[in-house]
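Beneath this line is the structure, given in structure tokens, with notes to follow.
The values are calculated or read from the model by the stated rules, or taken from the named source; none is laboratory data. Small disclaimer: the values here were computed from a predicted structure and weren't measured. Methodologically, a virtual Cβ is constructed for each residue, glycine included, from the backbone with ideal geometry; neighbour enumeration extends over all protein chains shown. Accessible surface is based on the protein model in full, side chains and every heavy atom, while ligands, DNA and RNA are left aside. Shrake-Rupley method; radii C 1.70, N 1.55, O 1.52, S 1.80 Å.
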Amino acid sequence: MGYNFQAARVARTARSLTERNITKSTKYQAPVWLKTVEEIPPSEILVRPYPIQHSAPNPRARKPKNIFRPTRIVYPEDELRQDFFRDHPWELARPRMVREKNGQDARLRDWSKGLRQPGMALSGECVVQRQLWLMENEKLSKQKAYDMARHEFYKLRQQDEIESRIAIEEARMVGGYFGKNRIQVGMEVEDMEFEHWKEWATKNIKRMGDEFEQSRALENPAGEEDALDTLEGLGADTPAAPAPAF
């Protein structure tokens with residue numbers, strides 16, 4: 001099976017059509033992309049480019065596979081981030097601000113000073129960056145750097161929670177009202193859903209009961225029941241046969 005060069009020759013085909021007259025009074029109009037394709041033609045036709053390698057090849061591989069497939073980009077922070085959020089899954093539930101001013105905010109942060117950084121709220125990403133800095137600059141092991149950054153994170157998180165609780169208590173002492181907390185709101189939503197379910201279950205139970213009664217009525221029509229009642233009445237009026245004499 002040969003190669004199909006029809007797509008590669010599209011510019012030449014379009015140019016040849018412009019030189020032909022469809023009719024005596026009508027001429028083929030060149031598409032708007034023709035000039036661009038002629039000036040900047042495709043650089044490759046049959047050659048597959050070798051992708052950039054982001055990791056060293058496996059020296060034990062005798063027959064390399066997928067050499068033309070783009071390699072996976074792996075950063076050092078990926079493994080550290082995965083370890084932290086595996087141990088602290090509820091940190092993912094906290095809202096985060098991902099908006100940046102000019103894309104260069106990371107240059108304004110100095111992780112040698114701790115987890116508190118300007119313009120960045122305390123989160124798991126602070127632990128990851130702090131751990132990476134300790135591993136690269138303090139030459140600490142992965143586990144030791146993780147423990148050190150993790151304990152700093154715990155102290156700061158506890159400090160934030162204490163400050164928030166004290167601020168709420170002080171505000172309530174002067175008449176502040178904060179409404180319902182998350183637990184109360186969640187319980188109300190759960191009660192509402194339970195009431196909806198109870199209403200749905202009641203309707204379904206009633207419907208199933210009606211269907212059962214209808215199925216019984218189809219199996220035992222009213223005529224058969226009346227006939228059975230008549231036979232039972234006749235049997236009650238008929239005198240019993242005398243016992244045989246021995």
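Between a residue in the range 85-108 that is closer than 14 Å to residue 126 by Cα and any residue that is aliphatic (A, V, I, L, M) and part of a helix (DSSP H, G or I), which pairs come within a Cβ distance under 8 Å, given they are 6 or more apart or on different chains?
85/92
Looking at (1) at pLDDT 80 or above; (2) surrounded by 10 or more Cβ atoms within 10 Å (Cβ to Cβ); (3) assigned to a loop (DSSP other than H, G, I, E, B); (4) not β-branched (Val, Ile, Thr), can you tell me which one residue 57 breaks?
For residue 57, the failing item is (1).
Looking for whichever is open to solvent by less than 90 Å² (accessible area, probe 1.4 Å), modelled with pLDDT of 85 or more and hydrophobic (A, V, I, L, M, F, W, C) here; the options are 217, 171. Which one fits?
171
Have a look at 144, 139, 113 and point out the one that is of a type outside the set (A, V, I, L, M), at positive phi and over 32 Å from the mean Cα position of the chain (by Cα).
139
Name, by its number, the condition in (1) at pLDDT 80 or above; (2) farther than 30 Å from residue 141 by Cβ that does not hold for residue 99.
Result: residue 99 passes all but (1).
Could you list, in sequence order, the residues of the range 61-77 that are surrounded by 10 or more Cβ atoms within 10 Å (Cβ to Cβ) and aliphatic (A, V, I, L, M)?
Listed by number, the residues that qualify are 67, 74.
Is there any pair linking a residue in the range 60-78 that is closer than 27 Å to residue 142 by Cβ and at pLDDT 80 or above to one that is assigned to a loop (DSSP other than H, G, I, E, B) and of a type in the set (Val, Ile, Thr), with Cβ under 6 Å and at least six apart or on different chains, and which?
Pairs that qualify, where the first residue is closer than 27 Å to residue 142 by Cβ and at pLDDT 80 or above and the partner is assigned to a loop (DSSP other than H, G, I, E, B) and of a type in the set (Val, Ile, Thr): there are none.
Which fully enclosed helices (runs of 4 or more DSSP H) of the range 67-185 have 2 or more residues being among the small types (Gly, Ala, Ser)?
Those helices (runs of 4 or more DSSP H) span 142-173.
Hey, among 122, 80, 92, which residue is within 26 Å of the chain's Cα centre (by Cα), of a type outside the set (Gly, Ala, Ser), within 18 Å of residue 154 (Cα to Cα) and open to solvent by 60 Å² or more (accessible area, probe 1.4 Å)?
Step by step, each of 122, 80, 92 is checked, and only 92 is within 26 Å of the chain's Cα centre (by Cα), of a type outside the set (Gly, Ala, Ser), within 18 Å of residue 154 (Cα to Cα) and open to solvent by 60 Å² or more (accessible area, probe 1.4 Å).
Only residues in the range 180-195 that are over 25 Å from residue 168 (Cβ atoms) count as the first member; pair them with residues that are modelled with pLDDT of 95 or more and surrounded by 10 or more Cβ atoms within 10 Å (Cβ to Cβ), Cβ under 7 angstrom, at least 6 apart or cross-chain, and list the lot.
none
Restricting to the range 153-211, name every residue that is closer than 30 Å to residue 120 by Cα and hydrophobic (A, V, I, L, M, F, W, C).
153, 156, 162, 166, 167, 168, 171, 178, 183, 185, listed by residue number.
State yes or no: is residue 109 over 30 Å from residue 178 (Cα atoms), in contact with a strand residue (DSSP E or B) (Cβ under 8 Å, 6 or more places away or on another chain) and open to solvent by less than 90 Å² (accessible area, probe 1.4 Å)?
Judged against the criteria, residue 109 is a match.
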